[in-house]
Structure formats: C-alpha cells, structure tokens
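These notes are about the structure you will find just below.
Just so it is clear, none of the values below were taken in a lab; they were calculated from the coordinates. What you are looking at is a predicted structure, and each value in this text was computed from that prediction instead of being measured. FYI the Cβ positions are ideal-geometry reconstructions off the backbone, even for glycines, and counts take in every protein chain you see.
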Amino acid sequence: MNRRFLLCLMNRHAPSPEDTHWQSLTLASTCRGCGADIYRDQDKQWVKAAKARS
Ligand SMILES: [Zn+2]
C-alpha cells in the first residue's frame, strides 16, 4: 500500500493529464492511483464521480 493509494482512499485523487477533459462544465479525468472516474470539485480537489453509487 503506497501513499497514493491512501490518498485515494481519502477521496483525494490524482488526474492523469492525457485523460483530462471537460464534461459539460466540470473538468473530468481518470485517477492515476486507482483508475476511478473523477472530477474536479469547487474546492479544486479531484474527487470520485458520484454516478455509480452502490
Ligand atoms: Zn484515486
């Protein structure tokens, strides 16, 4: 378990630049750490997309 993964668990993700794109009015990407679909929230934090809620 590395540090990146711990940050992912805390919902602090890292976008991969080549996957970053605008989705409507939000900046969306894929996390380099865990591969989740993420978006940038109003606080400029990259958080996991809430689409697939279980
Ligand atoms: Zn992540």
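Here are a few things to note about the model shown:
- Magnitude of the charge dipole, the chain, Cβ model with Lys/Arg +1 and Asp/Glu -1, debye to 20: 200 debye
- Those trypsin sites (Lys or Arg not before Pro) in the chain that DSSP places in a loop and that have at most 12 other beta carbons within 10 Å: K44, K51, R53
- Counted over the chain with a bin width of 5 Å, the fraction of Cα pairs per bin, in whole percents, is 4, 23, 31, 25, 13, 3, 1.
- A dipole drawn for the chain from +1 and -1 charges on Cβ atoms has a positive end, and of L27, V47, L9 the residue lying farthest that way is L9.
- Length-normalised contact order of the chain in % [C-alpha pairs under 8 Å, at least 6 apart]: 30 percent
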